[in-house]
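Read through the structure below, which is laid out as C-alpha cells, and then see the notes.
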Amino acid sequence: MRAISHRIVAGILGIVLSCTCGEAQNRCDSVAELSKVASELRGLPFNSAVNCVELPPAEFDAAFRARINPQIDLPKLQAEGRVYKLLGFVPSELDYSNCILESYFSETEAFFREDWNDFILRRGTAIHAPTAVHELVHALQNQHFHLKQAANVRAESSDALLAKFALIEGDATEIERRVGGGKALSDLSNGDANEDEVQPAACQLPEQLDQLLAFPYEAGERFVRTIWEAGGVSAVNRAFADFPTTTAEVLHPEWYLKGRAQDRFLLPNPKKTQPPLFSDRMGEFFIRTYLELFLPARQAVQVAEKWQDDQLALELLPENRYRVQWRTLWESEAAAKSFKGALLELLAGRFHFPALNNAAATCQVEAESVGVLHVSQAGSQVTIQITR
Ligand SMILES: [Zn+2]
C-alpha cells in the first residue's frame, strides 16, 4: 500500500510522516541508534541530537495541529480546488479542501518539529526503521540547510513548491531506500496489532491528486539519485542552496545540472489590472498528469516535456461565476499545436462535447458541462479560458 498520508502531509507542508503501528514501548531508545544510521548514510553530522518525544494520541493530535495550522491557507486551497474543477482535473462533486485537510489529520503517526528539533511519535503506534531514518534525514536537512526558510508555502507557485519538496523529500526517500527495508535494523515496532490505530481518511482522493502528492517522493528520489551520481553528496548538499525551480527540472535532472532554468523562455508578465483571486504556475508535471486523464501516458509525457512556462489566473465574476485563464508557452509552434490538440481531446472527453478541429487557431464551445470555453493558439502560446 502506498504511504499516501505521509506523502500528502509531507509533500505539501514539509516535514511530517506517518507509519503503521504496534504497542507502546519506549521507541525513543532506538532513535539514537537510527540517528547514527541516518548520519552515516547521508554523510552529514548531527549538530545536536534530536529530541524524541512520545505523546498520547490526544496530545499528539494537538501538537500536530499546532505544527500544521499556521501553514494552511484555506482560501488558497479552495481556489485551487475551484481551478481543478473548472479544468476538469478533479470531479466537480469532490470536497477538495476538506478532503485534503482531512488527509493531513487522519493518518499521521509521527512528525518532525523543526523549531524544537523534536521527533514526535504518537503513542500506541509503531514506526519502522526506514521511516524513522527518513524523518531523521529531515532533521539533518533542517540543521544544515534551515528548511523552514526554504519554502514559502503561501507565496510560491505549486510548480515551484513541488520542485522544492522534490529535493527535500527525494533526499530523505533516497536514504530511506538505502536502509534496505529495515531488515538489518531493529524496528521501532514490536509488530503487535494495536487498538489505537489511526483512522484512514474518510474521503478518497482521486488518483490524479495522489500522483501530484507523490511527486516529491517518486520523481524527487530519481532526481536526487541522479544529482548524487553526477556530483556526489556535495552536489546534493549544494542543491539545497540552489533548489530546482520547476517540476521540469526535477523530471529532467540533466537540465537542472546544465542550469536550464536560465535558458527557459518565459511568458511576459500579465498586464497590470486588478489582481486575480488566485494565480499559479502549474508546470510540466501537472500538465502531464492532467493530459494523462484522457490520453495515453506516453503521449502526455511527450507533449508536456515541451513546456516552457505558464500563468494561470482565477477571477470571480458576477452571479457567482468564475473564470480561469491559463496562458501556456511551448518550445515551438509545433509543440504548442500538439498541446492544443491534446487539450481539446481531453476537454471534449471530460466535458462530453464533440471533438473540435485542432487546425483552427481559435476554438469556442458553450455547453452546460464546461460553461464557455475558449482555446486559442498564437505562435508558441496556447491560452485556455473557461467561464462557468
Ligand atoms: Zn519526508
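Here V83 clears all of (1) closer than 25 Å to W326 by Cα; (2) at pLDDT below 90 except the condition numbered (2).
Within the stretch 240-258, track down each residue that is away from the ligand (no atom under 16 Å from the Cβ) and outside any loop (DSSP other than H, G, I, E, B). Answer for the stretch 240-258, where residues must be away from the ligand (no atom under 16 Å from the Cβ) and outside any loop (DSSP other than H, G, I, E, B): T247, A248, E249, L251, P253, E254, W255, Y256, L257.
So, I100, is that one crowded, with 18+ Cβ neighbours inside 10 Å and within 30 Å of V133 (Cα to Cα) or not? Yes; evaluated as a whole, the condition is true for this residue. Restricting V365, V324, V372, V382 to residues that are crowded, with 17+ Cβ neighbours inside 10 Å and either acidic (D, E) or over 27 Å from the mean Cα position of the chain (by Cα) (or both) narrows the list to V365.
Number of residues in the stretch 31-71 that are farther than 17 Å from H144 by Cβ, in contact (Cβ under 8 Å) with a residue 24 or more places away in the chain and under 26 Å from the mean Cα position of the chain (by Cα) equals 8.
Per-residue answers, yes or no, for (1) within 24 Å of D61 (Cα to Cα); (2) surrounded by fewer than 23 Cβ atoms within 10 Å (Cβ to Cβ); (3) more than 14 Å from the ligand (Cβ to nearest atom):
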{"residue": "A126", "(1), (2), (3)": "yes, no, yes"}
{"residue": "L136", "(1), (2), (3)": "yes, no, no"}
{"residue": "E156", "(1), (2), (3)": "no, yes, yes"}
{"residue": "D159", "(1), (2), (3)": "no, no, yes"}
{"residue": "E169", "(1), (2), (3)": "yes, no, no"}
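With respect to (1) at negative phi; (2) more than 16 Å from the ligand (Cβ to nearest atom); (3) at pLDDT 80 or above, the lone exception for H146 is condition (1).
The values are calculated or read from the model by the stated rules, or taken from the named source; none is laboratory data. Not measured: the values here are computed from a predicted model. Every residue, glycine as well, gets a Cβ built from its backbone with ideal geometry; the counts of neighbours run over all protein chains shown.
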